[in-house]
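Chemist: Pasting a structure below so you can have a look.
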Amino acid sequence: MKHIIILFTAVTSIVFAFARQNNFTNNFSVNNPDDTTLAGTWVLQPVLPSDTATGKVPTLTFNLPTKRFSGNTGCNAMSGHFFLSGDSLTFDENMITTKKACEGYNEKAFIGNLIKTNRYKIEDGVLQLMSDQTILSKWKRNIKTTMNKT
């Protein structure tokens, strides 16, 4: 009986160690909140009161292997393709959004800024979406969402 308990404990420890290492590796390599990659989930740093008029803060999640993004505008869910080369970043104009009414929120301007984006920069952990040298919006990592993804 003692040998069975020792064997069970050893096998359980190995399985948990492997699972934790695999989960840590996946999170850290793809979604490390301290890295300089675009991959993962970002949350808008609101500038105007209208940026959060609906009670939601806009989010963007970049999936680099598929070149797809998803998130929400602060009102509606959105998804689409993006194009990335060096510091050049553009969003496909044919993004898909849900169609809820967004009282007090200028969703058209928000989407317009995404479409105007032609480059990006990550500085001190802040993603800056830019049109040439003009910063259109700033985003911070959503560490809770980023760290829980596998």
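The values are calculated or read from the model by the stated rules, or taken from the named source; none is laboratory data. Computed from a prediction, not measured in an experiment: that's the story for all the values here. Cβ atoms come from the backbone with ideal geometry, glycine included; neighbour counts cover every protein chain shown.
Chemist: When you look at THR41, is it assigned to a loop (DSSP other than H, G, I, E, B), surrounded by 15 or more Cβ atoms within 10 Å (Cβ to Cβ) and not hydrophobic (A, V, I, L, M, F, W, C), yes or no? Steps first, please.
Modeler: On the way: assigned to a loop (DSSP other than H, G, I, E, B): no; surrounded by 15 or more Cβ atoms within 10 Å (Cβ to Cβ): yes; not hydrophobic (A, V, I, L, M, F, W, C): yes.
No: the conditions fail for THR41.
Chemist: I'm checking my understanding of the structure. Among residues of segment 91-124 that are over 18 Å from LEU136 (Cβ atoms) and among the small types (Gly, Ala, Ser), which one is modelled with the highest pLDDT?
Modeler: Result: ALA101.
Chemist: Under 6 Å between Cβ atoms, at least 6 apart or on separate chains: pull out the pairs that start in segment 39-56 with a residue that is in contact (Cβ under 8 Å) with a residue 12 or more places away in the chain and end on any residue that is of a type in the set (A, V, I, L, M).
Modeler: Taking only residues 6 or more apart or on different chains, the pairs are ALA39/VAL30; ALA39/LEU64; TRP42/LEU60; TRP42/LEU127; VAL43/VAL57; LEU44/VAL57.
Chemist: In this structure, is THR54 of a type in the set (S, T, N, Q) and surrounded by 19 or more Cβ atoms within 10 Å (Cβ to Cβ)?
Modeler: The answer is yes for THR54.
Chemist: Continuing with this model, one more query. Is there a residue in segment 6-16 that is under 19 Å from the mean Cα position of the chain (by Cα) and either modelled with pLDDT under 95 or more than 21 Å from ASP132 (Cα to Cα) (or both)?
Modeler: For segment 6-16, residues under 19 Å from the mean Cα position of the chain (by Cα) and either modelled with pLDDT under 95 or more than 21 Å from ASP132 (Cα to Cα) (or both): absent.
Chemist: Going through THR117, THR98 one at a time, which residue ends up being among the β-branched types (Val, Ile, Thr), within 17 Å of PRO58 (Cα to Cα) and touching a Cys at 6+ places or on another chain (Cβ under 9 Å)? Before you say what the answer is, go through the steps one by one.
Modeler: Details: THR117 fails: touching a Cys at 6+ places or on another chain (Cβ under 9 Å).
Residue meeting the stated conditions: THR98.
Chemist: Taking segment 44-84 on its own, how many of its residues are polar (S, T, N, Q) and part of a loop (DSSP other than H, G, I, E, B)?
Modeler: The qualifying residues number 5.
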